[in-house]
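Have a look at the structure below before the remarks.
The values are calculated or read from the model by the stated rules, or taken from the named source; none is laboratory data. Only a predicted model underlies this, so the values are computations on that prediction, with no experimental measurement involved. FYI the Cβ positions are ideal-geometry reconstructions off the backbone, even for glycines, and counts take in every protein chain you see.
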Amino acid sequence: MESEKRCPTCFEGRVYAAVEEIPYGRVATYQSLADHLGCRSAQAVGQALKRNPSAPKVPCHRVIRVDGSLGGYVGRDSGGSVAEKRSMLEREGVRFDSLGRLASTECLWCWSD
C-alpha cells in the first residue's frame, strides 16, 4: 500500500516559507525561527521541519540548535542524515569546530522583524 502524502498545516507552511528566506551559506537557530514566527516553541518548529516534504528545496538543513550544534535532519538526530546536513552546510561555507558546533557566529541569520 502506497502511503498518502499529507498537505502541510498552516503552521508548517509558515515555517517552510520562513526557512526559504535563510540565504545560502547562513544558518538560523530553531529558537530564532520560532521567535520570528511568534511561536514560543523551538520544538514545534523542529517538528514541522522534521516533516518537511520538500527538503532540500526548502532548506531546513540551514536550521541548527541554539548551542551551535546541528540538531536533526529528515527526522533523525544522528547518523548519516546529520552527516548529510553538515556536509550540505560545509559546501555552503558554514564551518564547525571539532565538537561539531558552529565555528563562527558570522553566518547566523536573523530576520529583521
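Residues of the range 50-58 include at least one that is touching an Asp or Glu at 6+ places or on another chain (Cβ under 7 Å) and in contact (Cβ under 8 Å) with a residue 24 or more places away in the chain. Between a first residue in the range 15-28 that is farther than 17 Å from Val45 by Cβ and a second residue that is β-branched (Val, Ile, Thr), which pairs have beta carbons less than 7 Å apart while being 6 or more apart in sequence or on different chains? As it stands, the answer is Gly25/Val94, since those pairs meet every condition given.
Is at least one residue of the range 69-80 surrounded by 13 or more Cβ atoms within 10 Å (Cβ to Cβ), over 22 Å from Phe11 (Cα atoms), β-branched (Val, Ile, Thr) and at pLDDT below 95? No: the range 69-80 contains no residue that is surrounded by 13 or more Cβ atoms within 10 Å (Cβ to Cβ), over 22 Å from Phe11 (Cα atoms), β-branched (Val, Ile, Thr) and at pLDDT below 95.
Of the helices (runs of 4 or more DSSP H) entirely within the range 7-54, those holding at least 1 residues that are aromatic (Phe, Trp, Tyr) and buried (at least 19 other Cβ atoms within 10 Å of the Cβ) occupy 10-19, 30-37. Scanning the range 89-113 for residues that are in contact (Cβ under 8 Å) with a residue 60 or more places away in the chain and part of a strand (DSSP E or B), we see that the one that is nearest to Ser32 (Cα to Cα) is Leu108. The single condition among (1) at pLDDT 90 or above; (2) touching a Lys or Arg at 6+ places or on another chain (Cβ under 7 Å); (3) buried (at least 17 other Cβ atoms within 10 Å of the Cβ) that Val63 does not meet is (2).
Return the residues of the range 24-43 that are modelled with pLDDT of 95 or more, over 12 Å from the mean Cα position of the chain (by Cα) and of a type outside the set (Ser, Thr, Tyr); say none if nothing qualifies. Result: Gly25, Asp35, His36, Leu37, Gly38.
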